[in-house]
């Protein structure tokens, strides 16, 4: 359903060869972007309505996945404003682990998208240092 972005981004980790072109793009009617919800959370934090511990609550595994499997965005974290945020993609569906599959190699989303089963993909932005995390987009895969 979703096609691959054509925009390229240099990857700094040798083990991880993912690029932004390997991420899901929001192009179908069932896809959802969460930019406005993200901005509300950041604004609430800046105005003191939410404390830092609430917005920087990434689990250790999510922080590790950001470092080892994530795609660097070139943007700084909206909370600590020092570190770069990473996009981490998880896919859920039949014949995948209950905790989802973290996309860690080039072409993995294309292979999953070619499946006949309907899958759900989620892109999360994560700061691996302070723990900021927020859902960026959700998308449908497979079902061809």
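Return a yes/no flag: does the stretch 35-58 have any residue that is under 13 Å from the mean Cα position of the chain (by Cα) and surrounded by fewer than 13 Cβ atoms within 10 Å (Cβ to Cβ).
yes
Just the residues that are assigned to a loop (DSSP other than H, G, I, E, B) and either out of contact with any strand residue (DSSP E or B) (no Cβ under 7 Å at 6 or more places or on another chain) or farther than 22 Å from residue 136 by Cα (or both), please, taken from the stretch 97-122.
97, 98, 99, 104, 105, 106, 107, 114, 115, 116, 117
Look through 126, 88 and report the one residue that is surrounded by 22 or more Cβ atoms within 10 Å (Cβ to Cβ), free of Cβ contacts under 8 Å to residues at least 40 places away in the same chain, within 16 Å of residue 68 (Cβ to Cβ) and touching a helix residue (DSSP H, G or I) at 6+ places or on another chain (Cβ under 8 Å).
88
Every residue in the stretch 44-60 that is free of Cβ contacts under 8 Å to residues at least 40 places away in the same chain, touching a strand residue (DSSP E or B) at 6+ places or on another chain (Cβ under 9 Å) and not in a loop (DSSP other than H, G, I, E, B), please.
none
Each value in this text was obtained by applying a stated rule to the coordinates, not by laboratory testing. All of these numbers come straight from a predicted model, not from anything done at the bench. With ideal geometry, Cβ positions are generated from the backbone for all residues, glycine too; neighbour counts draw on all protein chains shown.
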